[in-house]
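What follows is a set of notes on a single structure, which appears directly below.
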Amino acid sequence: MLRGKFSIKRQLLLWLLIPQGVLWLAGACLSYNVAKHYTNTVIDNSLLQTARAIARQIKPQDNGLIIDFPRASQLLLEDDSDEHLHYMVTLSSGGVILGNSQLPPSLNHKKPDNKAVFYDTNVQSEAMRIVSLYFPVEIANKQQWLHVQLGKSTQIRNKLSREILIAIAAPLAPLIFIMSLLVWWGINRGLRPLARLQRRVEEHSAQDPTPLLLDNEPEEVGALTSALNHLLSSTNESVARQRRFIADAAHQLRTPLAGLKSQTELAMRETTPEGLSNRLTMVHTSANRSIHLVNQLLTLARSEPDSAKGMPRVALDLAKLIRELTAECVPRALAAGMDLGCDTHLSEAPMNGNSALLRELFTNLIENAIKYIPRGCNITARLSIEGEHYVVEVEDDGAGIPDSDKERVFERFYRREQTGNGCGLGMAIVKEITERHKGSIELRDADPHGLIVRVMLPRN
């Protein structure tokens, strides 16, 4: 499933500007609530002081109450258009003593006490902030409560809260805008090295082996550049390896095919049955050599690093594999006048690997020993464990290999002796397959003479 393309610049802008805007809105809401809280506090204190002042104007006298509330004070409370007050004073025994409005009682203040209660409600379709409090009075030697309620419109409170909000948030708006511009500029500047790297990659030729270089590159872009250079280096090595392989294969195939053609032409000119038979025998030998070379080239191609990545690995028993291969090669060893044996005391040796390549590896080792040592010699295949590795050794008591040639035998198409029908690829294949299984190989001298090929493969 194809996923839609997205821009890193757009993602960064969204992740930086959207939280910035959300935080600005959250800060504005918080500022409004804080402003509302403090304006409520101021208004509540004003209401409380006014309610207490009204309560002080009502005093018990004899068997009743005297109200000392001058008309001027009453007009002052009722005629202020901006802060028109609604007030009502009632007695616990019933009846309104003083007031200009019918105010609803507070649900949180059902019982008389000395605690002031503030609440919001609607009076005559107008939002009000009301204070409710009780004062004890004694009338005719009887304890009663004087209930004072005083309300003020919330319009002034809301207006004051908005003004405080505007005073706080308005100066922040241009700052937020400037900060957004700085974020946009910073992101563009920070992504410039990626744009430069893109141009360098686009300008870099596929045939140019030089690595990509950027001046004053950031750490993250430097890591990306290093990864690209590593990829380019690996690709160049793979291409060069394939070119060498094709060139070597073409060179090696030319000789046996030319010989096969010559033998065929000579066979076509023969007139006697004996001569024709001899020529056909030589054609057959040349064809076998060509087939062997092609098979070795195909095996070498399969064991290349790039090809090996696609080769499946399965669980297998290395001990069983060594025993089977040794048994398969016994007839050839006997025909060559040699003694081939297997020396392993491991009942099983589980590991993960490619069975076909491992069979090719150990078959090449045994067949090389059969091919290049004299008749009457002995060959032994061994399997043992050393730490976290399996060790497979193929030992013979032939002439051995000089130290100067021990490394060269792993080169492609290198042959120490020109006798036989070998093509110089057997040990190169062995090394490639060993390395693809993260193992190692070395050549040692046998005692008293001969050669030991030692292959170490990881157990896991």
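The values are calculated or read from the model by the stated rules, or taken from the named source; none is laboratory data. Keep in mind that what you see is a predicted model, and the values were worked out from it rather than measured. Here Cβ is always computed from backbone atoms with ideal geometry, including for glycine, and neighbour counts include all displayed protein chains.
Some points to look at:
- Among the residues of segment 165-193, the ones that are surrounded by 14 or more Cβ atoms within 10 Å (Cβ to Cβ) and either touching a residue at least 60 places away in the same chain (Cβ under 8 Å) or among the polar types (S, T, N, Q) (or both) come to 11 in all.
- Residues that are assigned to a helix (DSSP H, G or I) and more than 42 Å from the chain's Cα centre (by Cα), drawn from segment 165-175: Leu165, Ile166, Ala167, Ile168
- Enumeration of residues in segment 441-455 that are crowded, with 19+ Cβ neighbours inside 10 Å, touching a residue at least 40 places away in the same chain (Cβ under 8 Å) and at negative phi: Leu451, Val453, Val455
- Set side by side, the residues Ala319, Ala333, Ala308 differ, and just one is at pLDDT 90 or above and in contact with a helix residue (DSSP H, G or I) (Cβ under 6 Å, 6 or more places away or on another chain), which is Ala333.
- Considering residues of segment 387-428 that are at pLDDT 90 or above and of a type in the set (D, E, K, R) only, the residue nearest to Arg323 (Cα to Cα): Glu393
- Residues in segment 111-151 that are of a type outside the set (A, V, I, L, M) and farther than 26 Å from Ile66 by Cα: Phe118, Tyr119, Asp120, Thr121, Asn122, Gln124, Ser125, Glu126, Arg129.
- Each residue in segment 429-448 was checked for being modelled with pLDDT of 90 or more and part of a loop (DSSP other than H, G, I, E, B), and 2 pass.
Residues are listed down the side, and each one gets a yes or a no for (1) within 46 Å of the chain's Cα centre (by Cα); (2) basic (Lys, Arg); (3) not assigned by TED's automatic domain parsing to the domain that holds Asn368:
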site	(1), (2), (3)
Leu318	yes, no, no
Arg323	yes, yes, no
Glu328	no, no, no
Arg332	no, yes, no
Ala336	no, no, no
Asp343	no, no, no
Leu346	yes, no, no
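Yes/no per residue for (1) closer than 29 Å to Arg313 by Cα; (2) touching a helix residue (DSSP H, G or I) at 6+ places or on another chain (Cβ under 9 Å):
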site	(1), (2)
Asn354	yes, yes
Arg359	yes, yes
Ile366	yes, yes
Lys371	no, yes
Arg382	yes, yes
His389	yes, no
Glu395	yes, yes
Pro402	no, no
Glu407	yes, no
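- Residue check, Ile178 aliphatic (A, V, I, L, M), modelled with pLDDT under 85 and not in a loop (DSSP other than H, G, I, E, B): no
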